[in-house]
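Input: a single structure, listed below in structure tokens.
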Amino acid sequence: MGATTDIVINQRIRDIQREYLEFLEDDEDTGIYTQLVRDMVANGECRLNVNINDLRKKSPQCVTGLLNAAHEELPAFHRALKEYVSSVDTNYGFEGSFGSKHVSPRTLNARHLGNLVCVEGIVTKCSLVRPKVVRSVHYCPATKKTLERRYTDMTSYDPFPSSAIYPTKDDDGNLLETEYGLCAYKDHQTVSIQEMPEKSPAGQLPRSVDIVLDNDLVDKCKPGDRVQVVGIYRCLPNKQGAFTSGTFRTILLANNVILMNKEVSPQISTDDVHKCKKFSKQKNVDVFEMLAKSLAPSIHGHEYIKKALLCMLLGGVEKVLPNGTRLRGDINILLNGDPSVAKSQLLHDVLHSAPRAITTTG
């Protein structure tokens, strides 16, 4: 019974793989991805971004399976892409319209587990980029043989992760030496994205989700960037000792990162320029006082606090001394006071004044 089930599953995966291969090889319309693959190979790149709308036109059932059963569909797509581009080790990413699967960190929940989703938010934290072992090679001096081992964990698309135990002895108990020059590694990074402040409910803390980035996706964004991340929403078991508890940690395994606005570029009209020039020519007006009063105008008083917040927003000029010492121009402030004196409201106004500002607590 088990062997029959495995045959049926393997046949289904091969059928899905054939459908994706037909999509990539389709030259009837425009042959978009044929040219994209050629350009990718010619430019030495290793990731193909696929617009999910193009796939929806060709095969709607593939899109349905991709969004709702990504753990089966993505390995099949990867094999189809590897078969289509046999000369290079390729990766893939998706973009386009995700419908109900276009979510924010707050709206991610249990029904999205195992699905391909598109999450948008602001990057708040990025870890260091570290190498992660994919394949290790070991040499046994006693038997003069070489042993190779591959590693997959819960952050890979493999449905059956391998053991994470690093071999030090072979089956006969002989010591092994690791050949580090023959081992294969990939770049690995974890980032956190937080829901956008303009979309978070009033009076509630913004929520965030952890993202796992591999290979060419690492260092593609930095804290403060507004991004859309496409990937599989997956849960990781929370082990306590030798047992697994009933609660799970959730992550997003990314296959594409889209920068929504990498740099802030405010739109300044001719009327704005005229008003700024007119304001600067008023000799009887203290510009600093006027700007401080314009910050959070609905909150009465707190003149010195508003001036401090204005200095924090504007910053200063970075200086580098002759001995190489760097004096940064940005400043930090500590806002301290009794409850209900508008501390949070002042910071909330600052949050909406600075386009790249993010909310933190603690």
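Taken together, the values in this text are just the output of simple stated rules run on the coordinates, not laboratory data. Please read all numbers here as calculations on a predicted model, not as lab measurements. Neighbour counts run over all protein chains shown; Cβ positions are idealised from the backbone, glycine included.
Things to note:
- If R0 equals 25 Å, the separation of the Cβ atoms of residue 132 and residue 168 corresponds to a calculated FRET efficiency of about 0.80.
- For residue 281, the lysines whose Cα comes closer than 23 Å to its Cα, not counting residues fewer than 8 places off in the same chain, are 293, 307.
- When the square roots of the Cα gyration tensor eigenvalues are ordered a ≥ b ≥ c, the ratio a/c for the range 270-353 is 1.5 or more and a/b does not exceed b/c, which makes its shape oblate.
- Rounded if a/c under 1.5, otherwise prolate or oblate - the range 100-263, Cα gyration tensor axes: prolate
- Residue-wise HN-Hα coupling along the range 35-52, computed from phi with Karplus coefficients 6.51, -1.76, 1.60 (Hz; x: Gly, Pro): 5, 5, 5, 4, 5, 4, 5, 5, 8, x, 8, 9, 9, 10, 8, 10, 7, 5
- The phi torsions of the range 336-345, fed into the Karplus equation with coefficients 6.51, -1.76 and 1.60 and a -60° offset, translate into couplings of 10, x, 5, x, 6, 10, 6, 5, 5, 5 Hz, rounded to whole numbers, with Gly and Pro shown as x.
- Cut-off under 5 Å, modelled amide H: who pairs with residue 183 long-range: 137
- Segments 115-128, 318-331, 98-111 sorted - mean Cβ within 10 Å per residue, highest first: 115-128, 98-111, 318-331
- Scanning residues 5 or more positions from residue 196 or on other chains, those with amide H under 5 Å from its amide H are 122, with H placed 1.01 Å from N in the peptide plane.
- Applying 1/(1 + (r/R0)^6) with R0 = 41 Å to the Cβ-Cβ distance of residue 143 and residue 185 gives a FRET efficiency near 0.95.
- Charged side chains reduced to their Cβ positions (Lys and Arg at +1, Asp and Glu at -1) give the range 270-353 a dipole of some 320 debye around its Cα centre.
- The convex hull defined by the C-alpha atoms of the range 93-195 has an orientation-averaged projected area of 9.2 nm².
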